[in-house]
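Colleague: Got a structure for you, written out below as structure tokens; questions coming shortly.
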Amino acid sequence: MNKKNIVLRPPIKTKYAYEKLRCCNKCHNYTALQEENCSICGKSALLPMLEVAKRAAKRSMGNDLLLTLLLTLLSIIFSPTLQWVIISAITGAVLLVVFVIVHRIALPSRTSIELSKIFVRDRDRIAEGLLRNLDTAVAQENEARSYELMREIAAIIHDDHIRKLQIILLQSLKLRKDMELELEPLLVKDFDPELADYIGELAKIKRELIKDHTFQYVIKYEAKISVMEHGDDILTGVAGAAVRMKRYVLAYADFISRHARKLPKDRFLRLYRIVMENPNLNWGALKAETVRVYEEKYQWDADFQQIKSRSNIHDV
């Protein structure tokens, strides 16, 4: 397949996933896309979820203040004497001031409560809006734009179907190191050859994205990956990504030992240094395999000699 050389825009980063969600103040349609106007009513009335919750909290608190004011007025009206009128008025004024101060302090917590209520109350409406967003993303003719839209939706909906669509779209693009790519959010539960290919590409251009969950996924489906057309290259690339940190080498020593022989020189040199400079750690079969590969391929290589002088490589 001819891959397209298209620029991917970086994702919109938020502290919480719900911050990507917006609600139309007119028709109450929900969307996770950065639309200027509501796709249902066409109005420019889309509000962030936090603003919707804050408005609801202020309305609720306003009702409390109105109730306090009403009770104050009733107590004044039905006061039997002027003295009771004054007492009622002063008491009511003090209560109103106290309510205003307390409500200002409590606004963040009340907003959080209202936000939770909205998610429970409008669950079906939110789901409908996100499904419309997904239809919009799928309908895009530009693969990069389609992926960007799905990426925003996937931040809220954690679903393997959407992940697989994202992976397919990414595999239609020519990936580059300067792109802001992701991996672990795209991991699916079952084996997916497109995902395996994507992992293999990232092992070449952005190996820092390969972390624990990816190593565990690859090890789980190692046998299936190995029979793919470029399966050995994928597995070797992932093993090469693991040697960038001693913690990964120790945690996935057995996996690395199965692919150490095929590692490029720079990755094997890194592995050799980690294993030899930490002789007291339990490397299992990895240490013996590392020594074997070293003696067969690199024992006369000058890049390895300094490491050799600091370690007893035959102590296995």
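Read-outs: derived from the displayed coordinates by stated rules, not from any lab. Just so it is clear, the model here is predicted, and its values are computed rather than measured. Because the Cβ atoms are built from the backbone with ideal geometry, glycine has one as well, and the counts that use them run over all protein chains shown.
Colleague: Anything in the stretch 212-225 that is surrounded by fewer than 21 Cβ atoms within 10 Å (Cβ to Cβ) and hydroxyl-bearing (Ser, Thr, Tyr)? List them, or say none.
Modeller: Of the residues in the stretch 212-225, the ones surrounded by fewer than 21 Cβ atoms within 10 Å (Cβ to Cβ) are 212-213, 215-216, 219-224.
Within the stretch 212-225, 221 is the sole residue that qualifies.
Colleague: Here is a list of conditions, (1) under 30 Å from residue 181 (Cβ atoms); (2) more than 25 Å from the chain's Cα centre (by Cα), and residue 8 meets all of them except one; can you say which number that is?
Modeller: (2)
Colleague: Here's something else I'd like to know. So residue 128 fits all but one of (1) touching a helix residue (DSSP H, G or I) at 6+ places or on another chain (Cβ under 9 Å); (2) part of a helix (DSSP H, G or I); what number is the exception?
Modeller: (1)
Colleague: What's the total number of residues in the stretch 226-270 that are part of a helix (DSSP H, G or I) and either loosely packed, with under 15 Cβ neighbours inside 10 Å or not β-branched (Val, Ile, Thr) (or both)?
Modeller: Of the residues in that region, 30 qualify.
Colleague: Now, a different point. Return the residues of the stretch 156-182 that are touching a residue at least 12 places away in the same chain (Cβ under 8 Å) and either touching a Ser or Thr at 6+ places or on another chain (Cβ under 8 Å) or assigned to a helix (DSSP H, G or I) (or both); say none if nothing qualifies.
Modeller: Within the stretch 156-182, 160, 162, 163, 164, 165, 166, 167, 168, 169, 170, 171 qualify.
Colleague: Out of 259, 230, report the one residue that is under 21 Å from residue 297 (Cα atoms) and out of contact with any Pro (no Cβ under 6 Å at 6 or more places or on another chain).
Modeller: 259
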